[in-house]
Structures are given as C-alpha cells and as structure tokens.
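Working notes for the structure below.
Values quoted throughout were computed directly from the atomic coordinates according to the rules given, and no laboratory measurement underlies them. Predicted, not measured: the structure shown is a model, and the values here were computed from it. Cβ sites come from the backbone with ideal geometry, for glycine too, and all protein chains shown count toward neighbours.
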Amino acid sequence: MAAKPRFDGEWVRLGDVLRVVHGKNQKDVKDEDGKYPIYGSGGQMGWANSFICPANTVIIGRKGNINKPIYVTEPFWNVDTAFGLVAKPGLLDARFLFHFCKYFDFEKLNTTCTIPSLTRKNVESIGMFLPPFRTQKELAAQFDVILEIIVLARNQLSSLDALVKSRFAEMFGNANDIEEKWALEALIDCVNSIESGRSPKCQAVARKGTEPGVLKLSALSSGVFLPGENKAMCVGEKIESSKEVVRGDILVARKNTPELVGACAIVREEVTNLMFPDIVFRMHPKEDVNGDYLSALLSSPSYSAKVKSLAHGSNRSMSNIPKSELAGIPIPVPPLHLQQEFAAFVARVDKSRFIVQQQIEKLQMLYDSLAQEYFS
C-alpha cells in the first residue's frame, strides 16, 4: 500500500463502500418524452421512461472510454457499456468518489489489448484510503472549487470565440449578404489542395509527450484545434511526413455524425509527430486568401450549414462529404488587406486566449497535485 496521507482514515476496497451497477440496453426504455437521461461512458445519449441508477452516481466506462468519469445529479439509465458507481450513504461521499475516479488510472485495469474494458471484479478490488466522512466532504469541496474556476475560465474562452465570430460578421457580412458583397471563387481555387490523411493502427489512449499519434475528430469538433485529442500509434506504425499536421493547416471533418461533419479548425501552433486521419481533409490557402479568414468563414453558421449539406450517406450515425463537392463550394473573397486586418484581430484575441489557457493549465496542475496528495 502507498504511504498513509496526512489525514486519518483507513484503506478500503471500493467494493466495500460502493455498489457497481451494470448498465442495460436502452432500446426498450428509450423515449424522446422520457424524464430520465440515458448515459453511456461518453455522456448523455437520449431520454428514457425508466432509470437504473439513483441521483449522485458516478459513471465510468465498462468498455471504450474507461478513463473519463461523469457525475450525474439525477436518476438515469446507463447503457451496457457503462458502470454506475453508487456510494454507500454515510461511508463514501459521492463527490469524493468522483474526484478519486478522475485521479485513478483505470487503464491499468484494462482486460483487453484492443477496446479498453473493465470488469466489475476489478473495479471492486481497487484500494482507496478513506478518511472520515466529514473530511471526505471537505476535500471534495476543495476539488469542486477548482473545477468551478476552470469552468469559468473555459467560459471566457467561449466568449473570446464569440467575439471573433461577431467581428467576422461585422467586417464581411452575415449569412444574408456575404455572398453578394464579395467576388465568389470555388474553394479549390482558393487553396493549393484538398487532401485526406491516413489512419494507421492506433491504441485507444492518447500519446505520451511527442510520441507518434493521430488526431481524433474531437481535435477539431469545437472549432478550435486541440492537439491533445489524439490516439497513440501502435508499435511498428510510422509517421508519414506528408500527412503530418503543420502550423497553418486548415482541417475539416470529412466524415462524422450529421451534427459534427464539416467541423473546421486552423492549426495555429507548432506540433510534432501528429498525423491527421483519412476522415479529415487538409487545406492550405493560396497567397490571396488568408487562412484565418477562410477558417472563420467555413466555421461560420451559414457556411458550416452549406458544408454539412454536402454530406451523403444512408447511415444516420455517420455522414461523408465528397471531396469533389467540397471543392466546388463558392467562397466569398474580400480584398486581402481586409482579410489580413481580420487575422490581426484574431491574433490579438489569441493573446487573451493564451493567458486564459495558462490559467486553466495552472489550475489543472493544482487539482492534479492535490489529487496526488490525497489519493496516492
């Protein structure tokens, strides 16, 4: 066992202080008018007319996404790929359990070499140093405050993104008049090329440091490039230099769910050993088109809808945008000096983003250090 922390308590097995609730298939209870949310390991998936787990339950993945716990404050139905961890009243505080699960590396309990999986027995056998119930609540409150401040900082980032979108509409027009104000050119005439990436065999976990990796679609789904959203490449797979992400790339989701297909983000930072997958398009603008302008245009509500409308596919869960149709979409091209003026504004906003992002990283380091102290 690890050294005893600075507060009193005892070592326990999770199975002694909580109940592991298996999920079930939701097909018989799924109801758009239902009052209970349906949860998988990745979040809410719909609504049900019945529930399995009580309020204040922690969800962890049984298969797939096993290392991202979710705290649910209302009764819910969990699907068969997710466990519900129900704390025993008076013994284990539910929020304390949630923060423990955020700290604990469930990957080390993975029982397969392909899709990460957990068993009930493995979860119940996990050891935890358990302080008195009152202390648990006090410690959980400390963690909660840090997470709340992080949420506020992330809201600041969202406000900065909204500011950029507002400035774009002010300078170039809105959905109703942008195509009437400026000359139109086909997208393929605005970029040097539109190319797909490559998808080698990957692990289910993110790469460590600068190890070879491949971007996930979540790296661009928000409209902001997130290099940490990646998968580590399997041993023996090699980076293909022509498919490596570089600063200035404009990335567009070629294939995704109908809601997220066509998501666009520009790479504004230096990254190494990261490839983009074959379900993502990459573009580089020509000299008379600014990358920040083009990325903002493709991410704007009106043009995002145009790009989504190009998607085909009978599978409702996954849509695909043909390269030839994307290449022909008409692009308004304002004078380059106006595009560059907008890019300069984006750069100023990015400085504020950088400051806020640093605050988030410092808060996350504080959270991690406290978790290390209390849970190791």
Cut-off 10 angstrom, C-alpha nodes, Gaussian network model of the chain. Which of Gly236, Gly90, Gly213 fluctuates the most?
Gly236
The aspartates and glutamates whose Cα lies under 13 Å from the Cα of Lys68, excluding any fewer than 8 residues away in the same chain, are Asp105, Glu107
Surrounding net charge for Leu109, when Lys and Arg each add one and Asp and Glu each subtract one, Cβ distance under 14 Å
+3
Alpha-carbon spread of the stretch 220-265, three principal axes, descending order, Å
35, 23, 18
The chain: angle of helix 94-103 to the longest principal axis, Cα-based, in degrees nearest 10
60
Starting from the Cα of Glu211, step 7 Å along the direction of its Cβ; do the same at Ser196; then give the gap between the two resulting points in nm.
2.8
Relative to the chain, whose Cα atoms define the longest principal axis, helix 133-172 and its Cα axis are tilted in degrees, nearest 10, by 10
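Dipole size in debye (nearest 20) for the stretch 219-376 around its Cα centre, Lys and Arg Cβ +1, Asp and Glu Cβ -1?
Numbers: 17 positive and 18 negative charges, 88 e Å.
Roughly 420 debye for the stretch 219-376.
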Tilt of helix 336-375 relative to the longest C-alpha principal axis of the chain, in degrees (0 to 90, nearest 10)?
10
Might you report the magnitude of the Cβ-based charge dipole of the stretch 7-101 about its Cα centre, with Lys and Arg at +1 and Asp and Glu at -1, to the nearest 20 debye?
260
Compactness check, the chain: C-alpha Rg relative to the 2.2 N^0.38 Å globular estimate gives 1.12
Sites Ser241 and Lys286, calculated FRET efficiency, Cβ-Cβ separation with R0 30 Å, nearest 0.05:
0.85
Amide H to amide H under 5 Å from Thr257: which residues, 5+ apart in sequence or cross-chain, H placed 1.01 Å off N in plane?
Ser319
Can you give me the C-alpha center-to-center distance between the stretch 157-208 and the stretch 6-53, rounded to a whole angstrom?
38
Provide the three semi-axes, in whole Å and in decreasing order, of the ellipsoid equivalent to the stretch 10-130 as defined by the square roots of 5 times the Cα gyration tensor eigenvalues.
24, 17, 11
Just to be sure I understand: of the beta bridges DSSP finds with both ends in the chain, what percent are antiparallel, rounded to 5?
90
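Could you work out [θ]222 nm for the chain from helices alone, using -39500 (n - 2.57) per DSSP H run of at least four and dividing by all its residues? Round to the nearest 500 deg cm²/dmol.
On the way: 10 runs with 130 residues, N = 376.
After summing the helix terms and dividing by the residues of the chain, the value is -11000 deg cm²/dmol.
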Residue separation times 0.36 nm, minus the C-alpha to C-alpha distance between Cys234 and Leu91: what's the value?
47.3 nm
Run the reach check for Lys35 against lysines, Cα to Cα strictly under 16 Å, same-chain hits fewer than 8 apart removed. What comes back?
Lys27
